Each structure stands twice: as structure tokens, then as C-alpha cells.
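Novice: Handing you this structure, nothing more for now.
The values are calculated or read from the model by the stated rules, or taken from the named source; none is laboratory data. Since the structure is predicted, the reported quantities are computational estimates derived from the model, not experimental observations. Quick reminder, even Gly has a Cβ in these numbers, built from the backbone with ideal geometry, and neighbours come from all protein chains shown. Accessible surface is based on the protein model in full, side chains and every heavy atom, while ligands, DNA and RNA are left aside. Shrake-Rupley method; radii C 1.70, N 1.55, O 1.52, S 1.80 Å.
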Amino acid sequence: MPLIKRLKPAASEVLTCYLKQCNEPHWTSYFVKYRDVVDDQRGMSNFNWKVGSSNYQILRTGCYPYIKYHCSKYRHEDLTASDRLMKFIKIFNLGIPALMYGIAAIFLITHKENVVTSKGNVYIYFLLKENKKSMF
């Protein structure tokens, strides 16, 4: 009997669903496990992301075993130069700081939340529980 593999949601879907689920907060910063998503935003480090009536500037990095997202509600800007600079820095330092951050996060995460997606629920993780109404 063949094993049925659960389809994973895209990391971008988790991002969008979470921001909608929280009613488009001013900011958020979370981790999602690589094994729980399809990494459709690989190679994107700093970019704009439209959700509902809001634009978010996203800082994203792989920090195995997680993908880290920092999202700030802000006007749309051209982030091409910033994205290229961040990619250069990641390549230059061989990704070692990001890997160390991911390993440290395993021990520092204190909170998790469930995100409802079209392909099932996914947990996202936080170093600290966030106040969803906080401006900073």
C-alpha cells in the first residue's frame, strides 16, 4: 500500500494566511520549519508582500532548520539594492551566521501558533509571544 504524502503549503501561503489571520498587524517576526512548507521564496531576502489592503516589507532568511520572516507594514519601495546586498552578505559569510541563528532558535523558541492554510495547519514559532496590536 503506497504512503500518502501530505501536500505542504507554500511558505508564501503561510506568510499570507498568518498576516490575514492576525488582521494585518503592524509587524511580526516568526520562524517556520523547512520540513513543513514548500520553500517557494528561496533566494528572496528583502521584498514587498501585498496582503489585503497592506504592503509589508519582508526580511527573510534561511536559518536551518527554519526559515525566518520579519514583516513590517510599510509603503511599497524598490528593495532591489537591499535584496542584492543581503544576498551578497549571505554568500560572503557562507551562511554560517544564519545557521548558528537557526541552531540557537531551537533552544530559544518559547511560543508557537497554528496557521490555517488551504493544505492544512502549520505551526509557526516565536522567540517571544507577540502583542498583535503593538506598533513596535
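Novice: Would you please list the contacts, defined by Cβ atoms under 8 Å and residues six or more apart or on different chains, that run from a residue in the stretch 66-87 that is within 18 Å of Lys50 (Cβ to Cβ) to a residue that is of a type in the set (Asp, Glu)?
Specialist: Filtered contacts from the stretch 66-87: Lys73/Glu24.
Novice: Further question on the same structure: Only one residue in Leu85, Leu59, Leu15 is part of a helix (DSSP H, G or I), open to solvent by 30 Å² or more (accessible area, probe 1.4 Å) and modelled with pLDDT of 95 or more. Which one?
Specialist: Answer to the check: Leu85.
Novice: Moving on to the next point. Out of (1) at pLDDT 95 or above; (2) under 19 Å from Thr117 (Cα atoms), the odd one out for Lys5 is which?
Specialist: Exception for Lys5: condition (1).
Novice: May I ask you to say which residue of Lys90, Lys132 is open to solvent by 40 Å² or more (accessible area, probe 1.4 Å), basic (Lys, Arg), within 19 Å of Val14 (Cα to Cα) and at pLDDT below 95?
Specialist: Lys132
Novice: Restricting the search to the stretch 62-82, which residues are in contact with a Pro (Cβ under 9 Å, 6 or more places away or on another chain) and either within 15 Å of Trp27 (Cα to Cα) or in a helix (DSSP H, G or I) (or both)?
Specialist: Cys71, Lys73, listed by residue number.
Novice: Taking the stretch 101-122, which residues are outside any loop (DSSP other than H, G, I, E, B), among the small types (Gly, Ala, Ser) and either within 15 Å of Lys68 (Cα to Cα) or touching a helix residue (DSSP H, G or I) at 6+ places or on another chain (Cβ under 8 Å) (or both)?
Specialist: Correct list: Gly102, Ala104, Ala105.
Novice: So, Ile109, is that one surrounded by 13 or more Cβ atoms within 10 Å (Cβ to Cβ), farther than 18 Å from Met44 by Cβ and aliphatic (A, V, I, L, M) or not?
Specialist: So Ile109 passes the test.
Novice: Among the residues in the stretch 30-38, are any open to solvent by 90 Å² or more (accessible area, probe 1.4 Å) and in a loop (DSSP other than H, G, I, E, B)?
Specialist: no
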